[in-house]
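Heads up: the structure comes next, in structure tokens.
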Amino acid sequence: MEERIARLESDVAHTRADISEIRADLRQLNGRVDGVKTLLDANAEAITASLAVQALGAEKSFARVEKSIADLALSTEKSFGELRTERMKDRIWWLLISAGVLTVVAKTFKWF
């Protein structure tokens with residue numbers, strides 16, 4: 001029986017030594033985890049700031065694109081307005097030419 005108790009005490013001593021080593025390793029890991037957490041927090045803040053800057057740049061780009069599209073629509077509408085005016089001038093010119101030709105033909109045939 002004494003031998004069994006001595007063996008149990010020996011096993012308990014080894015278990016306590018192993019637990020002490022595990023605790024020491026855990027303390028080291030806690031320090032490392034805290035360092036990694038600090039590093040990740042700093043990186044997350046930098047990434048958040050970078051994304052905010054990029055989002056602002058994207059908004060400005062979209063605003064420029066929208067302005068360009070609006071300017072293009074306005075210039076296209078002006079061009080069509082000028083085209084309609086020129087088209088009207090062409091129609092009046094052709095009407096005058098046709099009237100002149102008809103007048104010459106009427107005088108030639110002595111219709112009036």
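The values are calculated or read from the model by the stated rules, or taken from the named source; none is laboratory data. Keep in mind that what you see is a predicted model, and the values were worked out from it rather than measured. In this analysis, Cβ positions are derived from the backbone assuming ideal geometry, glycine residues included, and neighbour counts consider all displayed protein chains.
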Q. Name the residues in the stretch 77-112 that are at pLDDT 90 or above, polar (S, T, N, Q) and surrounded by 10 or more Cβ atoms within 10 Å (Cβ to Cβ), would you?
A. SER98, THR103
**Q.** Residues that are part of a helix (DSSP H, G or I), among the hydrophobic types (A, V, I, L, M, F, W, C) and at pLDDT below 90, drawn from the stretch 1-35
**A.** ILE5, ALA6, LEU8, VAL12, ALA13, ALA17
